[in-house]
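The values are calculated or read from the model by the stated rules, or taken from the named source; none is laboratory data. This one's a predicted model, so the numbers in the text were calculated from it and none came from an experiment. All Cβ positions, glycine included, derive from the backbone under ideal geometry; neighbour counts span all protein chains shown. What goes into the accessible areas is simple: the full protein's heavy atoms, side chains included, and nothing from ligands, DNA or RNA. Shrake-Rupley method; radii C 1.70, N 1.55, O 1.52, S 1.80 Å.
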Amino acid sequence: AARTFRQPHATHNPETVASMDAAPFAPRCAVVLRELAPEARRRYVTMLANRNVESRQDGDAWVANLRILAPGVDAPALAEKPAAKAKPPLRERLARAIKSDEGPPDVASINTLAYPRFASLIWRAVGTSPTAEVKPLPWLMRTAESIYDARYKRDAAALQKNVDVDRFPEFVIACLMRESGVDGIVEKKCWALLCSAEHHRIHNKEAEVFARFLAETWDADALLFYLRCRHEVMRSTKTTLGARWAPGEHAARQEVVVLSPSDVQRVARNVWREHSEELVDAVEAFRESSGRVEAAQFLDIAVGQYVRARDDVSPDVADLVEAEADA
């Protein structure tokens, strides 16, 4: 098969002088390798190999484009770009951003003000090109459930060692960094997580709960209580709550986890013995009006009861919980 290569200048003795990648490419000559003398053919093949030239099939022939210069012809001068200053590692940038109290950016397409800490950390530590991208609800909840699992392990270890844990927004970004570590991927996933939580919280209770933790409307203590309840629900029902959000055909096999009255009593006693009766009463009142209690509904009721019962709850959170209780 003929192998055809094109060059910008017709010459019998071409030599590679310099790259012309910056110049407009207008090939003027076609060279057929099989028509060349052995020495000339060897020279072309060597140039092709050294330049890693890509070829494509055109009928029975293979065609590639190659830029070369005739003897004495200089390549166009390229304007030198200043070397970009290397960014510090992402982990270092996050550590510096955590120490700052600077507010989040004002972005028209993203409700950053609803998530001040999380949005400002993304802006300062990860990148400065926010993009509004709403992912499907299963993607959001798969991500949230994975973060919940990691946070519960971290909280359990911190309690054993009697050490503090990161605030939830910092922890979420650290989780996404461990998954990828590539700045661009982490940045896009962080903004997608924020936008998706804000979008889906309007019509989905599980997304609403996650959004409250991400926005720190509910603090680290409420999060720990929620995760403890979640762990006990899975242990009592012998299920994995995040399984129903699995992608593809695996998700279709997963049913919504429904708690029986005995499940509710068992979990309430294990997680909140001193207020277990109040929690059971609130859950069973919901069951009476709704017909059943799903795991997500129980968790929402439980963390709401916990926030309401705390002495140090902030007034705005208390008002929020009371309003929901009256609704």
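Annotations for the structure displayed:
- Qualifying positions in the range 288-312 - touching a residue at least 24 places away in the same chain (Cβ under 8 Å), more than 13 Å from ASP263 (Cα to Cα) and in contact with a strand residue (DSSP E or B) (Cβ under 9 Å, 6 or more places away or on another chain): GLN297
- Residue among ASP316, ASP312 that is part of a loop (DSSP other than H, G, I, E, B), modelled with pLDDT under 90 and closer than 22 Å to ALA222 by Cβ: ASP312
- Identity of the residue in the range 93-112, out of contact with any Cys (no Cβ under 8 Å at 6 or more places or on another chain), closer than 22 Å to HIS200 by Cα and hydrophobic (A, V, I, L, M, F, W, C), that ends up modelled with the highest pLDDT: VAL107
- Filter result (open to solvent by 60 Å² or more (accessible area, probe 1.4 Å) and of a type in the set (S, T, N, Q)) within the range 263-306: GLN265, ASN270, SER289, SER290
- The listed residue being closer than 15 Å to ILE301 by Cα and open to solvent by 10 Å² or more (accessible area, probe 1.4 Å), out of GLU187, GLU206, GLU198: GLU206
- In summary, helices (runs of 4 or more DSSP H) completely within the range 151-265 and bearing 2 or more residues that are touching a Gly at 6+ places or on another chain (Cβ under 8 Å) occur at 183-200.
- GLU80 being open to solvent by 50 Å² or more (accessible area, probe 1.4 Å) and at pLDDT 70 or above: no
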